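Let me begin by presenting the structure, written as C-alpha cells, before commenting on it.
Every number here is computed from the coordinates shown, using simple stated rules; none is lab data. Fair warning: this is a prediction, and the values are worked out from it, not measured in the lab. Cβ coordinates were reconstructed from backbone atoms using ideal geometry, including for glycine residues, and neighbour counts include every protein chain displayed.
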Amino acid sequence: MKRCLPYLLMIVSVLVINCGNEPPDEFFEGTPADDSLINDLLAADPTLLSTDQMFYNTYIPSSIDTAIKFIVVDQYFRTHDSIIKQHIDQCALELTDTARFTDLWYAKDTTCTVYLWDTFTFIVNAHWDKRRIGLYDSVVYDTTTGDSLYTMLRNSSIYTITTGGDIEYSGLAGEGLRHIFFDVKRDSTAVPETLASGQLKYPIKDPREWFVKRISYGTYYYPDRGAERPLMYLTTLTLGTRKPDTISASNTDTLYHGHVMNRFRHIDSLLEYTEAELDGNPVQVHIELDPNLTDTAKTYSYYVTANGVRKSGGAGVTNGNVSVDLSTLTPGVYNIYFEVVMNDAFSYVLPAKDYAATAWLVPIRIK
C-alpha cells in the first residue's frame, strides 16, 4: 500500500491540474480542398514544375581536351589485354522517360511544403573523332601477392584511329528534389492578435487562400545514388560591371541571406537581371567543384542550360567557365541549369566507365 501511495498521488495531481482545461489544438493536416488549391497553383506556374529542361537533344560542341592521355592508373588492368580511350567532340542529352512523386506536408502553423521528387531516364548521344588503342605487351608480377599486372611499355604499343563515329549511352537514370513552400493569406482588415514578441498576427482568411512564399533550388544526381559523382561547391555569375552573384552548395548561418542550394528562397528575392543590363552582355558563369571531394586525377565537363540552349564550357579538373546569352528573355521567371559531368564515361571505351553528373536548378527573374 505504501508503494502504491506515491503513484496514486501523482494521478490525482494530474487530474486536478488538467481539470477544466481545454485540450491542445490539433495539428493542421490540410484537407482535400487545400490539396486541390495548391495543386492548381502549381499547375498555373510552369516554372515551378519544369525540371527537365537540361535534357537538350541537339548536338553541341564538347569542351573536352582533344589530347587523349594515358594516366598512371591506365597501366594496370587485369581483365583486358588492351585499353581504348577516345575524344568526344559533340554530345546531346535525350530524355526518354520521367516520373514525379509529389508529397504535400502540412504544418501546425497552417503552411504546406511541397516535395517534388523527380526521376529521369535518359540517353547521352555523342560523337567521337579520335580513339587510341593501347596494348598491354608485357607482364609484371607482384612479388607479394603473385598476381600479374599488365603494363604498357612503349608508345609503339599505342595506335590511333581518326575515322570517328556515333556512340550512345543508354539506360541512364537520375533523380532530384525540389521544395516549394506555401502559406495562407491573412485578413489585414480584422482585429489582430498581439504576440509576446509585440508583432501583430492577423487571422487567416476564410475560406483559405494559398500562395507561393518560398522555393528551394533543385539538385539532381546522375546516377541517382551509390556512385561517385562530381559535387559542385560554388557557382559565380558575372554580368558586366555588376557585382558577381554567387550560389553556394550549403550554408548553415541563419543570418546569411545569399543564394544557397540547401535553403529556401523567398519568391520575391530570386536572382534578378534587367533586360537593359542583359542587352549585349552575356553572363559569365564560373563553376567550382568541392575541393575536398574532387579527384584531381580526373577531368570534368561543365555545362549551362538557359534560354532553351545547352552550352559547354572549358573542361578542367576543379572548375570551368561557360558564357550564356540571356538577352532574348522577356520579363518573367526562368530556370537555369548548371551541370558538371565526369569525363570518364566519355573517355573510356574499354573498359567502359559509368556516366556520372550533378546538376543544379536555379530560378532567375528577368525584369
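The stretch between HIS257 and ALA107 holds 51.6 nm of extra length on full extension. This uses 0.36 nm per residue minus the Cα-Cα distance. Under 13 Å from a label point set 7 Å out along the Cα-to-Cβ vector of ARG208, the amide N atoms of the range 92-110 belong to 104-110.
Placing a pseudo-label 7 Å from each Cα along the Cα-to-Cβ vector at ILE123 and THR162 gives an inter-label distance of 3.0 nm. Here the label points at HIS80 and SER36, each 7 Å from Cα along the C-beta direction, are separated by 5.9 nm in the simple model. Quick one: helix 4-18 against the long Cα principal axis of the chain, what's the angle to the nearest 10°, folded into 0 to 90? Tilt of helix 4-18: around 80 degrees. Net charge of the neighbourhood of THR294, taken over other residues with C-beta under 15 Å away and scored Lys/Arg +1, Asp/Glu -1, is -3.
Straight-line cross-link partners of LYS185 among the lysines, defined as a Cα under 18 Å from its Cα and at least 8 positions apart when in the same chain: LYS108, LYS201, LYS205, LYS213.
Ranked for footprinting exposure by Cβ neighbours inside 10 Å, fewest first, LEU116, LEU104, LEU195 give LEU195, LEU104, LEU116. Output the 0 to 90 degree angle, nearest 10, between the alpha-carbon long axis of helix 32-44 and the longest principal axis computed from the alpha carbons of the chain. Its long axis makes an angle of about 40 degrees. Relative intensity of the chain on a log10 scale, I(q)/I(0) at q = 0.06 Å⁻¹, equals -0.36, per a Debye sum over C-alpha point scatterers of equal strength in the absence of solvent. Ordered by the count of other Cβ atoms within 10 Å of each Cβ, fewest first, ARG208, ARG310 give ARG208, ARG310.
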